[in-house]
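The values are calculated or read from the model by the stated rules, or taken from the named source; none is laboratory data. As the structure is a computational prediction, the values presented were derived from the model and not from experiment. All Cβ positions, glycine included, derive from the backbone under ideal geometry; neighbour counts span all protein chains shown.
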Amino acid sequence: MNERRVLVTGGSRGIGAAIVRRLVADGHAVCFTWRQDDGAATALRDELRAAGGTVHAIQGDVAEPAFAPRCFDAAEAHFGAPVTALVNNAGITGRHGPFADLALDVMRRTLDVNVLGTMTFSQIAVRRWLASGIRGSIVNLSSAAATLGSAGEYVHYAASKAAIDTFTIGLGREVAGNGIRVNAVAPGTVYTDIHAAGGAPDRPARVVERVPLKRIGEPPEIAAAVAWLLSDDASYVTATVLRVAGGL
């Protein structure tokens, strides 16, 4: 395995924190971003540094266009070398409920974070890798909702993740000739606080019977898929959405 210098957005909690832990355990140097939870970000950084990992944390909002270049600059200054992999994990569901009741500002915020945030960070990565000849790798976090639609729950979120699927396939094919790989992981329902943040803390218990494997996913299971897509074992995989959803 080749050590990579990885930038992970939204890495302080939930699936993001599991991804950071897994990548550090695999021997990669990791810089992760967080927006609000200072305590979680600091605790994760300190925990992994104490275990000998190379970890840095940067606070900011992926929806702010100026954050992406600033984040890459800060990560590269900390690593002392260019970022070679990007995991676009930062995302929100917005409010849970019928689409007809959804406020415009919630729709706009969801698209700004989930879609434009992913695109902005990916664009900075691709620009820098093309300029320097780096054969980098991007993994975007999608969702099974992209094809299921999430009717009555968060149609706007599902639509944002469908955009990520299309973006992944298109960008992956566009830069494949430059040796840059772009893939996505599409989790099903996973035990994180994203459900409570969207106003539906009971959602995992409510939907578990829909899952063919009859259980809810765990963050480390999603992190394992991300780690594989970044690894040399996935060297012939690009423009692909890997579904990790218990059979959904």
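Out of everything in the range 142-191 that is under 20 Å from Arg95 (Cα atoms) and aromatic (Phe, Trp, Tyr), what residue ends up being modelled with the highest pLDDT?
Among those that are under 20 Å from Arg95 (Cα atoms) and aromatic (Phe, Trp, Tyr), it is Tyr157.
Can you find even one residue in the range 34-44 that is on the phi < 0 side of the Ramachandran plot, in contact (Cβ under 8 Å) with a residue 40 or more places away in the chain, crowded, with 22+ Cβ neighbours inside 10 Å and within 13 Å of the chain's Cα centre (by Cα)?
To start, the set of residues in the range 34-44 that are on the phi < 0 side of the Ramachandran plot comprises 34-44.
Adding the requirement that they be in contact (Cβ under 8 Å) with a residue 40 or more places away in the chain leaves 35.
Keeping just the survivors that are crowded, with 22+ Cβ neighbours inside 10 Å gives none.
Within the range 34-44 (the criterion being on the phi < 0 side of the Ramachandran plot, in contact (Cβ under 8 Å) with a residue 40 or more places away in the chain, crowded, with 22+ Cβ neighbours inside 10 Å and within 13 Å of the chain's Cα centre (by Cα)), the answer is no, since none of the residues qualifies.
Can you tell me which residue in the range 18-33 is surrounded by the fewest Cβ atoms within 10 Å (Cβ to Cβ), limited to those that are of a type in the set (A, V, I, L, M, F, W, C) and out of contact with any Gly (no Cβ under 6 Å at 6 or more places or on another chain)?
Selected residue: Ala25.
In the range 116-160, what residues are of a type in the set (Gly, Ala, Ser), over 19 Å from Thr240 (Cβ atoms) and buried (at least 19 other Cβ atoms within 10 Å of the Cβ)?
Listed by number, the residues that qualify are Gly117, Ser150, Ala158, Ala159, Ser160.
Could you tell me which numbered condition Gly10 fails, if it satisfies all but one of (1) more than 28 Å from Gly133 (Cβ to Cβ); (2) part of a helix (DSSP H, G or I); (3) within 17 Å of the chain's Cα centre (by Cα)?
(2)
Working only within the range 98-115, note down all residues that are surrounded by fewer than 17 Cβ atoms within 10 Å (Cβ to Cβ) and either closer than 16 Å to Leu171 by Cα or without any contact (Cβ under 8 Å) to a residue 24 or more places away in the chain (or both). Outline the logic, then answer.
So the first thing to find is which residues in the range 98-115 are surrounded by fewer than 17 Cβ atoms within 10 Å (Cβ to Cβ), and the list is 98-101, 103-105, 108-109.
Answer for the range 98-115, where residues must be surrounded by fewer than 17 Cβ atoms within 10 Å (Cβ to Cβ) and either closer than 16 Å to Leu171 by Cα or without any contact (Cβ under 8 Å) to a residue 24 or more places away in the chain (or both): Ala100, Asp101, Ala103, Leu104, Asp105, Arg108.
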